[in-house]
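What follows is a set of notes on a single structure, which appears directly below.
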Amino acid sequence: MKELLEKIWQSALAAIESGNDAESLRIRFLGKKGELTAVLRGMGALSPEERPKMGQLVNEMREKIENAIAEKAAKEKEEALKNKLLSEKIDVTLPGNDLSVGHRHPIAETEKMMRDIFIGMGFSVVEGPEVEYDYYNFEALNLPKNHPARDTQDTFYITDNILLRSQTSPVQVRAMENSKPPIRIISPGRVYRADPADATHSPIFHQCEGLVVDKGITMGDLKGVLELFAKKMFGEDTRIRFRPHHFPFTEPSAEVDVSCWECGGKGCRLCKGEGWIEILGAGMVHPFVLSNCGIDPNVYSGFAFGMGIERVALCRFGIDDLRLLYENDVRFLEQF
Ligand code: DAH
């Protein structure tokens, strides 16, 4: 019997050694159908004197095996924890994943600067449709059918009557139709012309219109507003210059230049030696336009202006080809 117990002990040690897991060892050696239990069952055949001795031996052996298995179980648990910690290891000192953050497109950035400056002067921002009636784009602005100035703004027609607006000036008409003076608005947005794309032309581009209508508005107000705008947009030392011009919807009309912010007016590459850079058209709202919109030109007067947003953006950011603004090459756009 003793030999049998010793054999069980040896095979238990071998089984523990060979990596059987603690639970299956417990079942094999200590379970109801286990090897040690079988020995206990065989004790019936022993003499009454031998029985307690053997019982004690079996119990000692049970304890030994139990301890060995418990030790094995503890080791297993420790091993599992170690593996878990290893596999779930996070190095919180590693740098995070790079999130690339974009920024405004140069056109949007320029438009925002314009908005901010005019909002600061008390203007509000309104929008108008890009698909527009001929009436608003031309007719009401004193450009009747067959007016030669329509040629320079040749655009895309949807019907005889409906077109893609060639300028933001139709928003003036809508603003005057929709509200009573005093009116003080700007209207940035997209415009269309049937021009092939080159370094300075694009069939789609952006303008920002401005309109002020009230009693007693004069050309002095127009100059003051544009001068302040130019200083905020291009720097405090900037001067402006009015050159006589013709627009059908203003009288008198002017083209407005700003002194070159690169050379201060001496003449350089940016201003092509001129010292001045043309940025917008402006004038006093033509009395015909006021009456077309139901505003009495004998009571009210106003000024208007319109500028190309790309033109300002190209100058400000020193870009020499308009097309670069539309290609959306991130390597190019990242520079601004
Ligand atoms: N709409 C004109 C253009 O596209 C620009 C312009 C000139 C707008 C004079 C005006 C203005 O409001 O008064 O060339």
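Contact map, segment 206-229: first residue touching a residue at least 12 places away in the same chain (Cβ under 8 Å), second residue assigned to a loop (DSSP other than H, G, I, E, B) and of a type in the set (S, T, N, Q), Cβ cut-off under 8 Å, separation 6 or more or different chains; pairs are 207/167; 207/168; 208/168; 209/167; 209/168; 209/169.
Part of a loop (DSSP other than H, G, I, E, B), touching a Gly at 6+ places or on another chain (Cβ under 6 Å), under 23 Å from residue 238 (Cα atoms) and of a type outside the set (Val, Ile, Thr): which single residue out of 273, 306 fits that description?
One residue alone meets the criteria, 273.
Determine whether segment 288-295 contains at least one residue that is assigned by TED's automatic domain parsing to the domain that holds residue 179, loosely packed, with under 15 Cβ neighbours inside 10 Å and assigned to a loop (DSSP other than H, G, I, E, B). Taking every residue of segment 288-295 in turn, at least one turns out to be assigned by TED's automatic domain parsing to the domain that holds residue 179, loosely packed, with under 15 Cβ neighbours inside 10 Å and assigned to a loop (DSSP other than H, G, I, E, B). Can you tell me which residue among 76, 111 is in contact with an Asp or Glu (Cβ under 9 Å, 6 or more places away or on another chain) and touching a residue at least 40 places away in the same chain (Cβ under 8 Å)? Result of the check over 76, 111: 76. Across segment 188-207, not a single residue is classified as over 24 Å from residue 324 (Cα atoms) and in contact with a helix residue (DSSP H, G or I) (Cβ under 9 Å, 6 or more places away or on another chain).
Any idea which residue in segment 236-248 is nearest to residue 142 (Cα to Cα), counting only those that are surrounded by 17 or more Cβ atoms within 10 Å (Cβ to Cβ) and out of contact with any Phe, Trp or Tyr (no Cβ under 8 Å at 6 or more places or on another chain)? Full working, then the answer.
Here is the first cut: in segment 236-248, the residues surrounded by 17 or more Cβ atoms within 10 Å (Cβ to Cβ) are 238, 240, 242, 247-248.
Adding the requirement that they be out of contact with any Phe, Trp or Tyr (no Cβ under 8 Å at 6 or more places or on another chain) leaves 240, 242, 247-248.
Details: 240: 27, 242: 22, 247: 9, 248: 6 Å.
Once the filter is applied, the top-ranked residue is 248.
Having 2 or more residues that are within 13 Å of the ligand (Cβ to nearest atom) and closer than 24 Å to residue 314 by Cα is the bar; report the strands (runs of 3 or more DSSP E) wholly within segment 121-230 that clear it. Before you say what the answer is, go through the steps one by one.
Numbers: elements: 131-133, 162-164, 183-192, 204-214.
It comes to 183-192, 204-214.
Scanning segment 231-255 for residues that are touching a helix residue (DSSP H, G or I) at 6+ places or on another chain (Cβ under 6 Å) and within 12 Å of the ligand (Cβ to nearest atom) gives 248, 249.
Quick one: would you say residue 119 is surrounded by 11 or more Cβ atoms within 10 Å (Cβ to Cβ) and at pLDDT 90 or above? Before you say what the answer is, go through the steps one by one.
Working: surrounded by 11 or more Cβ atoms within 10 Å (Cβ to Cβ): yes; at pLDDT 90 or above: yes.
Answer is yes for this residue.
Check whether at least one residue in segment 263-283 is within 16 Å of the ligand (Cβ to nearest atom), assigned by TED's automatic domain parsing to the domain that holds residue 191, farther than 23 Å from residue 201 by Cβ and over 33 Å from the mean Cα position of the chain (by Cα), and report yes or no. For segment 263-283, residues within 16 Å of the ligand (Cβ to nearest atom), assigned by TED's automatic domain parsing to the domain that holds residue 191, farther than 23 Å from residue 201 by Cβ and over 33 Å from the mean Cα position of the chain (by Cα): present.
The values are calculated or read from the model by the stated rules, or taken from the named source; none is laboratory data. Please read these numbers as outputs of a predicted model, since none were measured by experiment. As a convention, Cβ positions derive from the backbone with ideal geometry for all residues, glycine included, and neighbour counts pool all protein chains shown.
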